[in-house]
Amino acid sequence: MSHQKVIVLDFGGQYNQLIARRVRECGVYCEVKPHTITINELRALDPIGIIFTGGPGSVYDPKAPQADPEVFQLGIPILGICYGCQLLAHNLGGRVTAAQSDSAREYGKTETFFDTDCKLFDGLSQKGISWMSHGDYMEKVPDGFALIAHSDACPNVAICDESRGFYGVQFHPEVNHTENGTLMIRNFLYNVCKAKGDWTMGDYKDMAIRQLREKIGSGKVLLALSGGVDSSVAAALLAEAVGNQLTCVFVDHGLMRLNEGDEVAAAFSKWNINFIRVDAEKLFLSRLAGITEPERKRKIIGEEFIRVFEAEAKKLGQVDYLAQGTIYPDVIESGAGEADVIKSHHNVGGLPDYVDFKEIVEPLRMLFKDEVRQLGRELGLPEYLVMRQPFPGPGLAIRVIGEVTKEKLDTLRKADFIFREEVAAAGIASDMGQYFAVLTNMRSVGVMGDGRTYDYTLALRSVTTTDFMTADWTRIPYEVLDRVSVRIVNEVPHINRIVYDITSKPPATIEWE
Ligand code: XMP
C-alpha cells in the first residue's frame, strides 16, 4: 500500500522540520524536498498537496530561492507559509515589498483576525494569536485571491484562491505560539487536499516489514545495538522482518545505568534472532584505569567499542547488510544525496570502515523521533525502552568525574536509579528533557548518627530542552528534590552531600564531561 503524500518544499526556513512533523501528526505522510527539485521529479512523487516553507530571503532579490513556475499549473493545492506565501503572491501577479515602516514589519505574537468561512480557518475563533516573523509584506494581493486574515498592522496576513486550492499565510502555523496552528494545517490537509489520514505507525510497520523482506531476501544483517531508542526500534523492526537472519551485537561496556543491560537483553529475547551480548565491562574498566581527562575517556571508549564490535563481526564472516538507526532529522540536516551516507557513517563512529558488508539498511530514515517511539510500541517494545531519554555513548564514564572505578559506577548507579524512581513517582518526567546524577570527585565532611563522615558529593542534573543544543535547568519542585536527597544519603553508601546543578546550556553543557 502506498500512502498519500504531501511535499514540503524547503526554502531555507528555520521551522521546516516542524512543518513536516505537524503534517505527519495529522496522519498524513510527508517529505521535505529542496526547492530546486525539478517539476518532473515533483510530479513523479504525486503529492496531494505542497507546502512552501518560510525562508530568510526576499522574493524580489534576484538570488532568492524560487520554485519552478510550473508548480502552479499542476492542479495540486499549495499552502505558502511566510516566505512561501510571498513567493506564491509574487509568482501569481501580486506585489511584495520590504516593509517601509516598523509597524508593517511584524515579529512575535500578533493578534490576528480570521475569516472563518474560509476552509483553512474552519473551526477557529475569529480572533487569535499568530506567530509572525516577516520583514516583507504583500502590498498587492494577486488577482483572484481573497484576503482571509488581517492584523492591526497588516491588512494582508493571509490570502486564498479557493478555486485553485492556493493558500498563503504570513505567520507560522507550525510553531506552538500560533494558537490553533495545527488545526489550520489539518484544515489544509483534510478540507483542501482531501487527505484520508492514511499515515499510521501500524500501517507503516507492515509496509516497512514487507519492504525489508523484499530487499534483504535471504541475506545476513548485522546491527550494533546500543540500547538507545533508535537502534532498539531498528532492531525490533528487523527482528520482525527477517528473524534469525539478523544478528544484533550489544557491546555491554559496563557503563550503563542500573539493570539497563539486562533490560535490553530481555526486550529482545522474544524474537528468534541472534543476539550477542558481549560482556566487556572488565576490558573497558581496565582500559579506563587511571584516566581522569574527559576527552581521553571518550576516545578510549569509542576506540574500544569499535574493536569489540569488529571482533564479533569478524566471527560472523561476510554479512550482506549493516543496519543503522539513522532517523529523518539526521537525513534532513545532512541534505540530499551523498551527504546522507557520510552522516550514516558518523552515526556509528566509523564502523563501516571496519566491517565487511555490502550495503547499509536504514529502516527508520524517514521517521521523526516521536514516530520511532510509536513504531517501537507497535512492535511491542516496553515503554521504558521506547521512552528512554538520550544517553551518551560513553555512558556513565562521563558522569563519574575523575577516575572511573567499578565501586564509583555502582554508587552512581544506585543514586541515579533513586533519582529516576522519584521523578517517575512525582509524575514530572515529561517536563524534563534529560535528567541524571553525576558523581563528583569532591569529598566533604558530614555527620551521620554520631559519627563524622568524609564522603562524596553527588550532583543532580535535569534540563528542559527540545533540541539539546540549548537547555534550561528544570525547576524541579523542592519536595521532590528533598525526597531524592534524603533517600540517596540514607540508601547509598559513600554519598553524604547532594547538590542540584542550576546552570543552563550555554554556558554549561548538559553532561559534566
Ligand atoms: P552536551 O553535554 O554536549 O550534551 O550538552 C548534549 C546531548 O548529547 C548527549 N551526549 C552524547 N551522545 N555520544 C552520544 O551519543 C556522546 O559522546 C555524547 N556526549 C553527550 C548528551 O547526553 C546530551 O543529550
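The values are calculated or read from the model by the stated rules, or taken from the named source; none is laboratory data. Bear in mind that the values here come from a model prediction, so they are computed numbers and not experimental data. Quick reminder, even Gly has a Cβ in these numbers, built from the backbone with ideal geometry, and neighbours come from all protein chains shown. To get the accessible areas, we keep the full protein, side chains included, count just its heavy atoms, and leave off ligands, DNA and RNA. Shrake-Rupley method; radii C 1.70, N 1.55, O 1.52, S 1.80 Å.
Some points to look at:
- Applying the criterion of being at pLDDT below 95 and of a type in the set (A, V, I, L, M, F, W, C) to the residues of region 462-474, the residue that is nearest to the ligand (Cβ to nearest atom) is Phe468.
- If you check Met442, Met432 for being open to solvent by 50 Å² or more (accessible area, probe 1.4 Å) and hydrophobic (A, V, I, L, M, F, W, C), only one passes: Met442.
- Those residues of region 231-252 which are open to solvent by 10 Å² or more (accessible area, probe 1.4 Å) and within 30 Å of Ala437 (Cα to Cα), in sequence order: Ser231, Asp252
- Some residue of region 268-284 being surrounded by 19 or more Cβ atoms within 10 Å (Cβ to Cβ), in contact with a strand residue (DSSP E or B) (Cβ under 8 Å, 6 or more places away or on another chain) and under 18 Å from Ala397 (Cβ atoms): yes
- Close pairs (6 angstrom Cβ cut-off, 6 or more residues apart or separate chains): more than 6 Å from the ligand (Cβ to nearest atom) in region 385-399, open to solvent by 20 Å² or more (accessible area, probe 1.4 Å) and of a type in the set (Asp, Glu) anywhere: Ile398/Glu511; Ile398/Glu513
- Residues of region 285-305 that are open to solvent by less than 70 Å² (accessible area, probe 1.4 Å) and farther than 15 Å from Arg399 by Cα: Ala289, Gly290, Ile300, Gly302, Glu304, Phe305.
- Scan of region 465-477 for residues that are of a type outside the set (Lys, Arg), open to solvent by 30 Å² or more (accessible area, probe 1.4 Å) and more than 22 Å from Leu412 (Cα to Cα), ordered by number: Thr466, Asp467, Phe468, Met469, Thr470, Asp472, Pro477
- The criterion of at least 2 residues that are open to solvent by 10 Å² or more (accessible area, probe 1.4 Å) and without any contact (Cβ under 8 Å) to a residue 60 or more places away in the chain is met, among strands (runs of 3 or more DSSP E) falling completely within region 61-132, by 95-98, 106-114.
- Residues in region 424-449 that are more than 12 Å from the ligand (Cβ to nearest atom) and assigned to a strand (DSSP E or B): Ala437, Leu439, Thr440, Asn441, Met442, Arg443, Ser444, Val445, Gly446, Val447, Met448.
- Some residue of region 475-492 being outside any strand (DSSP E or B), within 16 Å of the ligand (Cβ to nearest atom) and closer than 24 Å to Val404 by Cα: no
- Taking first residues from region 458-484 that are in contact (Cβ under 8 Å) with a residue 24 or more places away in the chain and partners that are open to solvent by 80 Å² or more (accessible area, probe 1.4 Å) and of a type in the set (A, V, I, L, M), the Cβ contacts under 6 Å between residues at least 6 apart in sequence or on separate chains come to Trp473/Ile502.
- Qualifying residue in region 337-357 (condition: of a type in the set (Asp, Glu) and either within 16 Å of the ligand (Cβ to nearest atom) or modelled with pLDDT of 90 or more (or both)): no
- Region 188-230 - residue that is modelled with pLDDT of 95 or more and hydroxyl-bearing (Ser, Thr, Tyr) and, of those, most open to solvent (accessible area, probe 1.4 Å): Ser218
- Going through (1) out of contact with any Gly (no Cβ under 9 Å at 6 or more places or on another chain); (2) open to solvent by 50 Å² or more (accessible area, probe 1.4 Å); (3) outside any loop (DSSP other than H, G, I, E, B); (4) of a type outside the set (Val, Ile, Thr) one by one, Arg452 falls short only on (1).
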